[in-house]
1. Test R20 against the stated conditions and say whether it is basic (K, R) and either at pLDDT 85 or above or outside any helix (DSSP H, G or I) (or both).
2. Which residues, taken from the range 23-51, are more than 26 Å from I69 (Cβ to Cβ), open to solvent by less than 70 Å² (accessible area, probe 1.4 Å) and within 15 Å of the chain's Cα centre (by Cα)?
3. Go through the range 85-106 residue by residue and tally those that are open to solvent by 80 Å² or more (accessible area, probe 1.4 Å) and closer than 28 Å to A45 by Cβ.
4. Within the range 46-57, identify whether any single residue is part of a helix (DSSP H, G or I), basic (K, R) and at pLDDT 90 or above, and answer yes or no.
5. Among residues belonging to the range 52-84 that are of a type in the set (D, E) and open to solvent by less than 80 Å² (accessible area, probe 1.4 Å), point out the one that is farthest from the chain's Cα centre (by Cα).
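The values are calculated or read from the model by the stated rules, or taken from the named source; none is laboratory data. Only a predicted model underlies this, so the values are computations on that prediction, with no experimental measurement involved. In this analysis, Cβ positions are derived from the backbone assuming ideal geometry, glycine residues included, and neighbour counts consider all displayed protein chains. What goes into the accessible areas is simple: the full protein's heavy atoms, side chains included, and nothing from ligands, DNA or RNA. Shrake-Rupley method; radii C 1.70, N 1.55, O 1.52, S 1.80 Å.
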Amino acid sequence: MTDRDTSAGGTPERSTFVQRLIRIGSTDIIRVIVLCVLAGFVLAAFHVNPRRLWVDFFGTIAESWGRFIEFLTHSVGWAIEYFLLGAVLVIPIWIVFRVLGALRNR
């Protein structure tokens with residue numbers, strides 16, 4: 001009998017907690033595989049070694065977090081540097097166009 005079968009009284013049978021726990025469908029397996037691959041990509045982006053993660057979980061996480069902060073500060077510094085470099089060219093040209101536009105609309 002399955003969960004959808006009805007007993008003699010006409011009410012559906014309720015499955016137990018253990019039955020619901022061990023019931024695994026193909027979509028559950030696919031979902032777990034996809035999540036494992038995504039988690040692997042994220043951990044690889046932070047250069048986490050799975051062997052070190054098993055041996056020294058908190059040390060590995062702390063080291064990866066430090067690398068992430070270093071990457072973040074480096075990226076912000078890089079963005080600011082290129083913003084200023086572009087502003088040296090864009091701001092004067094923008095000012096010239098604003099002045100020319102204001103002169104045209106007199």
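1. On the way: basic (K, R): yes; either at pLDDT 85 or above or outside any helix (DSSP H, G or I) (or both): no.
Judged against the criteria, R20 is not a match.
2. Selection gives nothing.
3. Residues in the range 85-106 being open to solvent by 80 Å² or more (accessible area, probe 1.4 Å) and closer than 28 Å to A45 by Cβ: 1 in total.
4. From the range 46-57, those part of a helix (DSSP H, G or I) are 50-55, 57; that's our starting set.
Going one step further and asking which of them are basic (K, R), we end up with 51-52.
Subset that is at pLDDT 90 or above: none.
Within the range 46-57 (the criterion being part of a helix (DSSP H, G or I), basic (K, R) and at pLDDT 90 or above), the answer is no, since none of the residues qualifies.
5. Restricting attention to the range 52-84, the residues satisfying the condition of being of a type in the set (D, E) are 56, 63, 70, 81.
Now narrow it down to the ones that are open to solvent by less than 80 Å² (accessible area, probe 1.4 Å): 56, 63.
Details: D56: 23, E63: 19 Å.
Checking each candidate, the answer is D56.
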